[in-house]
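Undergrad: To start, I am sharing the structure in question, which I have written as structure tokens.
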Amino acid sequence: MNPADKKICRDVLTTIKSEKYATMNYLFKEPVDTNFFPTYTTIVRRPMDLGTAENNLEDGMYTSKQSFFVDAALCFENA
């Protein structure tokens with residue numbers, strides 16, 4: 001992913017994870033705790049959260065901003 005696209009993705013994450021959206025984003029910041037929801041992975045085929053998406057972005061797992069946005073959207077689709 002080129003640096004400009006990576007910056008766009010970082011900016012989106014910063015906005016989505018900000019206090020401004022705290023009443024809506026708190027459920028999506030970290031992976032679902034399967035100790036509390038043991039059947040989650042049987043219901044949700046591909047778990048994703050904003051923290052994991054951010055780690056994947058920083059680790060170079062995304063080859064394009066589109067692949068990042070697929071995972072970002074998946075966070076909310078899994079709800």
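The values are calculated or read from the model by the stated rules, or taken from the named source; none is laboratory data. What you see is a predicted model, and the numbers here were worked out from it, not measured in a lab. Please note: Cβ atoms are built from the backbone with ideal geometry, for glycine as well, and neighbour counts cover all protein chains shown. Only protein heavy atoms, including side chains, enter the accessible area calculation; ligands, DNA and RNA are left aside. Shrake-Rupley method; radii C 1.70, N 1.55, O 1.52, S 1.80 Å.
Undergrad: At 0.36 nm per residue, minus the direct Cα-Cα distance, what do Ala73 and Thr15 gain on full extension? Give it in nm, one decimal, please.
TA: Contour length minus the Cα-Cα distance gives 19.5 nm.
Undergrad: For segment 2-79, which chymotrypsin sites (Phe, Trp or Tyr not before Pro) are both in a DSSP coil and crowded by at most 13 other Cβ atoms within 10 Å? Present the calculation step by step, with values, prior to reporting the outcome.
TA: On the way: sites: Tyr21, Tyr26, Phe28, Phe36, Tyr40, Tyr62, Phe68, Phe69, Phe76; in loops: Phe36, Tyr62.
Sites meeting the loop and neighbour criteria: Phe36.
Undergrad: Once the Cα atoms of helix 65-77 and of the chain are each reduced to a long axis, what angle between those two axes, in degrees from 0 to 90 to the nearest 10, is obtained?
TA: 20 degrees
Undergrad: Separation between the Tyr26 and Thr63 pseudo-spin-labels, each 7 Å from Cα along Cα→Cβ, expressed in nm?
TA: So the label points at Tyr26 and Thr63 sit 3.9 nm apart.
Undergrad: Only one of the values [x] 43, 26, 18; [y] 39, 28, 18; [z] 39, 37, 21 was calculated from this structure for Cα extents along the principal axes in Å; name its label.
TA: The value matching this structure is [y].
Undergrad: Here's something else I'd like to know. Within the chain, what whole-number % of the accessible surface is contributed by carbon and sulfur, with the 1.4 Å probe and all protein chains included in the calculation?
TA: The value for the chain is 58 percent carbon and sulfur by accessible area.
Undergrad: Points 7 angstrom from Cα along the Cβ direction at Asn56 and Thr39: gap in nanometres?
TA: Result: 2.6 nm between the two label points.
Undergrad: Just the accessible area per residue of the chain, please: how many Å² with a 1.4 Å probe?
TA: Averaged over the residues of the chain, the accessible area is 70 Å².
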